[in-house]
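Contents: one structure, followed by commentary.
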Amino acid sequence: MDLLFSKLDAVMPLAEFRVVLDVGANVGAMTGGYLDHFPQSRVWAFEPIAATCARLRARFAGHPRVMVVQAALGAESGRALMRVTRDSVGCWIEEGAALDNDHESVALETGDAFLADAGLSHVDFLKIDTEGHDLKVLHGFAGALRRKAIRFLQVEAGMNATNRRHVPLHEFQQFLEPLGYHIFRIFHQSPELGGRRILRRADVVFCHEG
């Protein structure tokens, strides 16, 4: 079992994870992992890029526990421009960009609006992997976070000051800790690029103690 799921299972039975949001699902690697490890879960997989979303839909076509949503989540609703990479990995929202062959206009929604529209009162596990947009996604869930309606959440955090792509860990803490969320565990640590001997990024899981 992946260390993440092992640590979660130690504090909450995996069968109790029933509502899972995979924000930045790409082609569904983690979506599949959630289906395997959270046996009673339904997974909402968010992927805004049209071609990538089509692959995600094809992968889980007919699967009753997966709902694919072609949208990005953020601090406000509307439209955004995403830079599209050739291999679909590492696409990101680029503010101030112009629409051209390297960008795609995508739907943007807040997490709170999505939860209201979907009729979801709580989230057991929220995973965010949006290439530097993670904190804005969390701002869009501010209402749910204030209500402690999200049990566990995972973000991709920058772990040194020279990493300009990912949100620094301390910024997540500054936002989440006043709301009652603290670090549960740190997983999937990745070294800095170019062989540097420092940590670049990691997946950080927060939880509230209620």
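Derivation of every value follows stated rules applied to the coordinates shown; laboratory data play no part. Quick caveat, the model's predicted, so the values are computed rather than measured. Every residue, glycine among them, receives a Cβ derived from its backbone with ideal geometry; neighbour counts consider all protein chains shown.
Quick one: net charge of residue 191's neighbours, Cβ under 10 Å, K/R +1, D/E -1?
Counting the neighbours of residue 191, the net charge comes to +3.
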Packing-based exposure ordering (other Cβ within 10 Å, fewest first) of 131, 156, 177: 177, 131, 156
Three-way shape call for segment 3-208 based on the alpha-carbon gyration tensor, with the a/c threshold at 1.5: rounded
In a Gaussian network model over the chain where Cα atoms closer than 10 Å are linked, find which of 129, 112, 36 has the largest mean-square fluctuation. 36
Residue 79 to residue 29: extension gain in nm, 0.36 nm per residue of separation minus the Cα-Cα distance? 15.4 nm
With the crude spin-label approximation of a point 7 Å out along Cα→Cβ, what separation in nm comes out for residue 209 versus residue 67? 3.3 nm
Based on DSSP H runs of at least 4 residues, each adding -39500 (n - 2.57), what is the mean residue ellipticity at 222 nm of the chain after dividing by all its residues, to the nearest 500 deg cm²/dmol? -7000 deg cm²/dmol
Which one, 125, 26, 52, projects farthest toward the positive side of the charge dipole computed for segment 3-208 from Cβ point charges (K/R +1, D/E -1)? 125
Full-stretch length increase - residue 146, residue 183 - with 0.36 nm per residue and alpha-carbon distance subtracted: 11.7 nm
Write down the percent of antiparallel bridges among all DSSP beta bridges whose residues are both part of the chain, to the nearest 5. 50 percent
Excluding residues fewer than 8 places away in the same chain, name every one of the aspartates and glutamates whose C-alpha is closer than 17 Å to that of residue 148. 16, 112, 124, 177, 209
Lys and Arg at +1, Asp and Glu at -1: add these up for the other residues within a Cβ distance under 14 Å of residue 60 and post the number. +2
